[in-house]
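The values are calculated or read from the model by the stated rules, or taken from the named source; none is laboratory data. Values in this document were obtained by computation on a predicted structure and should not be read as measured data. Every residue, glycine among them, receives a Cβ derived from its backbone with ideal geometry; neighbour counts consider all protein chains shown. Quick note on the areas: whole protein, heavy atoms, side chains included, nothing else; ligands and nucleic acids left out. Shrake-Rupley method; radii C 1.70, N 1.55, O 1.52, S 1.80 Å.
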Amino acid sequence: MEKGEAKSKKPPRLCCICNERRPVLKRAKTLQQICRECFYEEEIHQAIVKNRLFKSGERVAIGASGGKDSTVLAYVLSELNRRHSYGLDLFLLSIDEGITGYRDDSLETVKRNELQYGLPLQILSYKDLYGWTMDDIVKMIGLKNNCTFCGVFRRQALDRGAALLKVDKLVTGHNADDIAETVLLNILRGDIARLSRCTSITTGEDGPIPRCKPFKYTYEKEIVMYAYFKKLDYFSTECIYSPNAYRGFAREFIKDLERLRPRAILDIIKSGEDFRIATTTKMPEQGTCERCGYISSQKWCKACVLLDGLNRGLPKMGIGRARGGGVNGGDHKKETTVKTLESKQCGSLDF
Amino acid sequence: FDMACNSSGCESGGCYGREKENGCKVVDVKETVRLCVKCKSNEPMTFGDGGSDDGRFCAECFRSNVYGKFRLAVTSHAMITPSDNVLVAFSGGSSSRVALQFVHELQVKALKNYEASRDRSLPVFGVGVAFVDESAAYPSLSGGMSDAIELVRSTVLSLSPPEKDLHVVTIESVFGSESVEARDRLVKLLDSVSDETGKEDLLLHLKMLSLQKVASENGYNRLVVGSCTSRLASHVLTATVKGRGYSLSADIQHVDARWKVPIVLPLRDCVWQEITRLCHLDGFDSLKTVELARHPQSGINDLVSSFVALLQEENPSRECTIVRTAAKLTPFYFNKIPETDDSCVPMATQRRLKKFNLKYDGSMTTEAFCPICNGPLNGSDSSEDESDALYAACCSSCRFQILPQEPSSLDHFGSLLPHHMISQVKHHQKFDSQTYLREKIKDCLLLDDEEAV
């Protein structure tokens with residue numbers, strides 16, 4: 001194709017949003033042509049404004065793993081905070097699960113981000129909180145249900161970290177692909193209650209630490225493109241213990257689906273939002289864990305049940321449908337928290 | 001070392017490794033005497049298909065298990081009552097063959113009771129069979145079609161007494177005739193749909209329309225469709241990935257009375273494995289050529305089927321879990337048999353239906369429906385400021401995958417659609433909830449609008 005000739009015959013296309021600069025890429029979702037600058041920072045800004053995610057003066061912790069989602073999130077949020085004067089106090093909160101050859105490397109990335117973006121960093125480790133690293137846990141239970149442990153522990157760790165930092169809100173980098181996977185997983189696993197909550201952009205509003213997902217409508221592909229164009233520093237390896245996770249099925253399927261019909265990812269999320277689920281099925285009864293005071297719908301919170309199992313050498317405890325409608329394996333970290341009040345906390349952490 | 005469990009409380013395939021918890025016995029597969037776990041007298045059937053539950057039941061008990069599920073579905077949802085005239089949609093595939101067989105056996109039983117009873121109070125329901133010839137849409141089918149139809153005919157003939165009418169219709173009959181023009185129109189319509197999946201789905205909607213047409217023109221008041229659990233599991237996922245989460249619960253219940261002739265799904269609780277095993281057992285011929293030639297391999301529907309097959313390999317109860325989850329979604333008011341002022345329904349049946357709340361008031365129409373797929377419309381989807389009536393009337397999924405993307409092509413597309421679909425659009429255009437409600441209550445209004453405060 002003679003590009004030179006084509007250019008002289010008609011004016012070059014301009015970025016669809018600003019109509020000023022030359023477009024450099026196509027949106028994965030809509031195939032629109034946009035320039036690097038406009039590329040989706042403004043779309044995130046719109047999502048934040050439309051869904052009223054933040055209030056001026058709030059202290060906000062960004063769940064930072066060093067991976068692409070949280071790095072881009074930290075970058076975009078601090079940029080938009082400045083550009084649109086959100087008035088937010090931003091922090092980086094990182095959890096060290098104790099996975100050699102994976103987490104120790106990605107934490108180095110977060111430490112660099114702290115310097116690059118000028119955001120204070122807090123790191124909490126499973127070792128300090130629970131007395132077990134994921135390496136220890138996998139040595140004991142193998143590779144089948146390890147993601148359950150990690151997900152449950154991480155959720156609680158993030159909440160405790162948020163309390164330590166005295167923040168008003170937690171944001172995570174869950175993207176559209178993640179949420180679509182979670183919708184599918186909940187259908188496959190029969191979890192109607194989770195199905196009704198997993199598409200909300202903000203969760204846990206009536207608890208101490210609400211969480212939100214500004215990237216709810218952002219495709220993973222676009223996050224990768226953004227990080228590439230902005231030359232952001234992130235850690236791109238998959239967790240070394242993840243290949244056996246059930247979520248892998250859903251992820252492969254969604255990749256194939258995206259190839260056939262890109263908008264299907266958003267359509268899955270839309271379906272998740274539109275499912276007719278009776279409000280009575282939604283929330284389990286709220287309470288607190290007898291052992292540690294964390295939020296729980298059972299006598300003991302899931303983390304305590306799992307920990308107890310580990311400490312007693314009974315790794316199957318808390319896995320499967322054994323007691324009280326507990327969680328069935330799978331990747332917990334993507335699911336939303338149960339809303340409730342928290343009473344006193346164990347250890348040295350204050351609420 | 002296979003550890004099969006004979007405890008009656010055990011679910012199939014779920015017992016491995018749990019023998020300490022519920023105290024069931026471990027049976028050595030190499031024992032020479034093995035008995036059916038249900039009747040404990042016959043030798044169990046081995047299908048050798050690698051599926052679960054193989055070698056546990058004898059042929060009779062297996063068959064009665066599956067038939068039992070069918071019969072339970074029929075009675076608990078009032079699918080077929082004595083005064084009904086039932087049309088069975090028969091594609092020649094295994095599922096619809098089993099549905100036809102079971103409906104026939106139910107009818108035979110009813111006839112037996114009728115002839116044995118003194119007062120002959122309960123009539124025997126009528127059964128007809130419909131086959132849709134889709135060769136206009138899938139030209140590769142035309143070669144084998146007349147043979148296929150002959151096979152269908154002889155199958156229906158073999159299922160008498162009682163005799164059953166067979167209705168063979170072409171898919172282009174939705175346009176009112178089976179002429180060359182109708183065939184051409186169908187081809188033009190399908191060609192104007194650029195999305196592969198949209199084309200497949202549009203064809204499904206047209207097929208349902210043609211079945212509805214056969215049913216209502218020939219006095220049937222029920223349409224039996226052989227969809228099994230496995231088919232519904234795929235549907236749950238395809239609906240989800242197409243953004244049809246709102247209308248999903250309407251499609252997967254035992255009864256779907258949105259249509260003029262209500263649809264019933266008596267095999268909803270049977271899995272594909274049971275159906276194929278039954279066909280094998282009873283020696284049913286299936287129209288494989290018709291089934292296989294039909295499907296192109298490139299759309300979302302096929303991607304989902306492959307995905308479900310993969311999940312089934314990993315866990316044979318996955319299909320059931322998917323449908324069970326979706327069954328927890330709230331159904332619609334029309335997912336029950338509609339109440340009709342039918343004086344020829346026997347009193348005992350009427351009382352039973354009322355008692356168990358199995359019917360609903362047919363005049364209650366609170367939902368608006370997409371003219372193409374007949375899916376209930378989610379309020380948030382409607383865009384009243386749309387200039388094109390057809391576009392405004394359709395659900396977001398049909399707008400994307402079926403309607404042409406160019407607004408200028410919408411009119412032409414609308415002219416190609418069957419009249420039945422378009423006539424709904426005009427109705428929708430005029431739908432104004434305030435006027436509609438006022439119409440319903442006008443008898444009770446004392447003042448005119450102008451006089452009311």
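Observations
- Exactly one residue out of A:ALA176, A:ALA162, A:ALA157, A:ALA193 is under 18 Å from A:ILE254 (Cα atoms), among the small types (Gly, Ala, Ser) and in contact (Cβ under 8 Å) with a residue 24 or more places away in the chain: that is A:ALA176.
- Of the residues making up the stretch A:222-255, those that are within 14 Å of another protein chain (Cβ to nearest Cβ), farther than 29 Å from A:GLN33 by Cβ, in contact (Cβ under 8 Å) with a residue 60 or more places away in the chain and under 17 Å from the mean Cα position of the chain (by Cα) number 3.
- The sole residue among B:VAL241, B:VAL271, B:VAL236 that is farther than 19 Å from A:SER271 by Cβ and out of contact with any Gly (no Cβ under 8 Å at 6 or more places or on another chain) is B:VAL271.
- In the stretch A:78-105, residue most open to solvent (accessible area, probe 1.4 Å) [restricted to those that are part of a strand (DSSP E or B) and out of contact with any Ser or Thr (no Cβ under 8 Å at 6 or more places or on another chain)]: A:ASP89
- Test for B:SER387: is it over 30 Å from B:PRO82 (Cα atoms), touching a Pro at 6+ places or on another chain (Cβ under 9 Å), assigned to a loop (DSSP other than H, G, I, E, B) and at pLDDT below 75: yes
- The conditions of being among the aliphatic types (A, V, I, L, M) and modelled with pLDDT under 95 are met by B:ALA78.
- When the stretch A:106-145 is filtered for residues that are farther than 20 Å from A:ARG160 by Cβ and not in a helix (DSSP H, G or I), the ones remaining, listed by number, are A:GLY118, A:GLY142, A:LEU143, A:LYS144, A:ASN145.
- Scanning the stretch B:247-262 for residues that are assigned to a loop (DSSP other than H, G, I, E, B) and within 14 Å of chain A (Cβ to nearest Cβ) turns up B:SER247, B:ILE252, B:GLN253.
- Test for B:ILE252: is it open to solvent by less than 20 Å² (accessible area, probe 1.4 Å) and more than 24 Å from B:PRO316 (Cα to Cα): no
- Taken over the stretch A:106-120, the criterion of being of a type in the set (A, V, I, L, M, F, W, C) and open to solvent by 40 Å² or more (accessible area, probe 1.4 Å) is satisfied by A:LEU115 alone.
- Checking each residue of the stretch A:40-52 against the condition of being basic (Lys, Arg) and more than 26 Å from A:GLY161 (Cα to Cα) gives at least one match.
- A:THR336 vs. criteria in contact with a Lys or Arg (Cβ under 7 Å, 6 or more places away or on another chain) and either surrounded by 15 or more Cβ atoms within 10 Å (Cβ to Cβ) or modelled with pLDDT of 85 or more (or both): yes
- In the stretch B:209-233, the residues that are among the hydroxyl-bearing types (Ser, Thr, Tyr), part of a loop (DSSP other than H, G, I, E, B) and more than 13 Å from B:VAL129 (Cβ to Cβ): B:SER227
Rundown of residues vs (1) at pLDDT below 90; (2) exposed (fewer than 14 other Cβ atoms within 10 Å of the Cβ); (3) β-branched (Val, Ile, Thr), yes/no style:
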{"site": "B:SER121", "(1), (2), (3)": "yes, yes, no"}
{"site": "B:GLY126", "(1), (2), (3)": "no, no, no"}
{"site": "B:SER135", "(1), (2), (3)": "no, no, no"}
{"site": "B:LEU157", "(1), (2), (3)": "no, yes, no"}
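- Check on A:ASP308, more than 21 Å from the chain's Cα centre (by Cα), within 14 Å of chain B (Cβ to nearest Cβ) and outside any loop (DSSP other than H, G, I, E, B): no
- Lone unmet requirement of (1) among the β-branched types (Val, Ile, Thr); (2) within 13 Å of chain B (Cβ to nearest Cβ); (3) crowded, with 21+ Cβ neighbours inside 10 Å for A:THR218: (2)
- The stretch A:221-245: number of residues that are open to solvent by less than 40 Å² (accessible area, probe 1.4 Å) and aliphatic (A, V, I, L, M): 4
- Among residues of the stretch B:171-202, those that are assigned to a helix (DSSP H, G or I) and either open to solvent by 10 Å² or more (accessible area, probe 1.4 Å) or away from chain A (no Cβ under 14 Å) (or both), counted: 22
- Matching option when the condition is open to solvent by 20 Å² or more (accessible area, probe 1.4 Å), among the basic types (Lys, Arg) and more than 23 Å from A:ILE240 (Cβ to Cβ), among A:LYS166, A:LYS139, A:LYS144, A:LYS127: A:LYS166
- Within the stretch B:61-96, the only residue that satisfies the criterion of being of a type in the set (D, E, K, R) and either open to solvent by less than 20 Å² (accessible area, probe 1.4 Å) or without any contact (Cβ under 8 Å) to a residue 24 or more places away in the chain (or both) is B:ASP84.
- Selected residue (criterion: modelled with the lowest pLDDT) from residues of the stretch B:309-323 that are open to solvent by 40 Å² or more (accessible area, probe 1.4 Å), within 10 Å of chain A (Cβ to nearest Cβ) and part of a helix (DSSP H, G or I): B:GLU314
- Flag if A:LEU107 is hydrophobic (A, V, I, L, M, F, W, C), under 21 Å from the mean Cα position of the chain (by Cα) and over 22 Å from A:ILE240 (Cα atoms): no
- In the condition set (1) closer than 17 Å to B:ASN335 by Cα; (2) open to solvent by less than 20 Å² (accessible area, probe 1.4 Å); (3) within 12 Å of another protein chain (Cβ to nearest Cβ); (4) not polar (S, T, N, Q), B:LEU232 is compliant with all but (3).
- Some residue of the stretch A:191-198 being crowded, with 18+ Cβ neighbours inside 10 Å, away from chain B (no Cβ under 14 Å) and not in a helix (DSSP H, G or I): no
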